[in-house]
Amino acid sequence: MSLTNAFFAVIRRDLILAFRRRAEVANPVFFFILIVTLFPLGIGAQPKLLQAMAPGVIWVSALLAVMLSLDSLFRSDFDDGSLEQMLLSSHPLTVLVFAKIVAHWLVTGLPLLFVAPLLAIFLGLPEQALGTLLLTLVLATPVLSLIGSIGVSLTVGLRRGGMILSLLVLPLYVPVLIFASNAVEMAGNGLAVDAQINILISIFFMSVVLAPLPAAAALKMSIS
Amino acid sequence: MDSSPQQKISLEAKGLSCIRDDRVLFEGLNFKLQNHQVLLLEGKNGCGKTSLLRIICGFREQDAGEFLWCDQLTSDSDFYSQMAYVGHLDGIKKELTVIENLKMSLALSQAGKYSIDQALEKVHLAGYDDSLVQSLSAGQKRRLSLARLLITKKSLWVLDEPFTSIDKQGIKLIESLMHEHVAGGGMIILTSHHDLLLHEADVQTINLSICH
């Protein structure tokens, strides 16, 4: 079968799996909602402060939610030998890994896009910043999945890789966090955000091109 | 590439060694496998049978020696699209149905001699098409992973303990499938603690316990 067929077959398979493990998959989104809703309770009735913190709170929660879901990217495939079969496939592993990352984003990143605007209004984020918030989420949540895939593929062979995974991945997430939350904050103040958006676009394209390669190579190492 | 029976294929190992945790599992291992041949690996537990199979699959790097596929280094040839591996891990998703699993395997390689329905019929899993794999028994899962061999077009089967958790009737069935594959010009490398009944096939045996 052709490469495109294999690519979409992997995505379809992962989506079916996600649908059959609904509870597990919904975890990150609930986590995201929980953290954001706990902030007003912790801070108290200070709408000004909440409004000022909203971009940062939403972005930090989104980042943690994606990180929470990363381990599931390759874990079950590694444990049941599906990864070995993918490695032996005549198609390049990089493409199959990319398909898995796309499926991961569809399952964990995409739902955040639907929930985030509601939570933003809840925190009192100015309406003019909503568009920018969505745009940064569209551009940057795929980056989180892509960069995360490198970290997971390095640690999937370890029994307790969770701690190392966050140490590996978090520093790489920091630029995304800085530019994305800064863009939302500036948009809230009615300032131009072209620069930040352009940087996020370039990070997005760079990680699309560069992340699947080392992830595939690291998976080969993890298998041996 | 066409792997018709007429076509000559061979897998040759030259001076293979495997060292694990400072222990030499085997060294200076040579073998040559051609069409219609079966290679049976024997030996005690922990003598490196699975390690050798994983080296053949390219999951592990050998510590010395090389593999030639049709007189070319395996890394330069189309070896990996010609081989199928069934190992200790089934490579089957338990949340997917039997059909969904097989369709996935089919998407990852070229279609073989049998269609999915025919293959299920062959391994006596017909009628389980839409059952989730988690509801199958261990032996049925094993049959399913062997059905994968039938629907894809591979000339070399690498099987690690294919008879685990399979009943007597199933063992006969697998032996007949292996026989059919070998008679059609294929090759098989396997490990087994079970006495093989492949009378007509050309079986080479390597005992890894005495390879160092």
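No value in this document is a laboratory result; all are computed from the given coordinates. Every value quoted in this text rests on a predicted model; they were computed, and no experiment measured them. In this analysis, Cβ positions are derived from the backbone assuming ideal geometry, glycine residues included, and neighbour counts consider all displayed protein chains.
Results, tabulated for the structure shown:
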{"read-out": "Count - residues of the stretch B:106-122 that are within 23 Å of residue A:88 (Cα to Cα) and either out of contact with any Lys or Arg (no Cβ under 9 Å at 6 or more places or on another chain) or not polar (S, T, N, Q) (or both)", "value": "11"}
{"read-out": "Residue match in the stretch B:97-116 (condition: within 14 Å of chain A (Cβ to nearest Cβ), among the aromatic types (Phe, Trp, Tyr) and either assigned to a loop (DSSP other than H, G, I, E, B) or under 24 Å from residue B:8 (Cβ atoms) (or both))", "value": "no"}
{"read-out": "Residue tally, condition out of contact with any helix residue (DSSP H, G or I) (no Cβ under 9 Å at 6 or more places or on another chain), surrounded by fewer than 13 Cβ atoms within 10 Å (Cβ to Cβ) and among the basic types (Lys, Arg), over the stretch B:19-51", "value": "1"}
{"read-out": "Of residues in the stretch A:82-111 being part of a loop (DSSP other than H, G, I, E, B) and touching a residue at least 40 places away in the same chain (Cβ under 8 Å), the one farthest from residue A:146 (Cα to Cα)", "value": "A:89"}
{"read-out": "Residue A:95 being within 14 Å of chain B (Cβ to nearest Cβ), touching a helix residue (DSSP H, G or I) at 6+ places or on another chain (Cβ under 7 Å) and surrounded by fewer than 20 Cβ atoms within 10 Å (Cβ to Cβ)", "value": "yes"}
{"read-out": "Of all residues making up the stretch A:171-221, the number that are in contact with a Ser or Thr (Cβ under 7 Å, 6 or more places away or on another chain), surrounded by 18 or more Cβ atoms within 10 Å (Cβ to Cβ) and part of a helix (DSSP H, G or I)", "value": "10"}
{"read-out": "Residue match in the stretch A:15-32 (condition: in a helix (DSSP H, G or I), surrounded by fewer than 13 Cβ atoms within 10 Å (Cβ to Cβ) and at the interface with chain B (Cβ under 10 Å from one of its Cβ atoms))", "value": "yes"}
{"read-out": "Selection count, the stretch B:187-202, where residues are in contact with a His (Cβ under 8 Å, 6 or more places away or on another chain) and among the small types (Gly, Ala, Ser)", "value": "1"}
{"read-out": "Pairs with Cβ under 8 Å, 6+ apart, first in the stretch B:79-90 and more than 7 Å from chain A (Cβ to nearest Cβ) and in contact (Cβ under 8 Å) with a residue 12 or more places away in the chain, second hydroxyl-bearing (Ser, Thr, Tyr) and assigned to a helix (DSSP H, G or I)", "value": "B:86/B:145; B:88/B:50"}
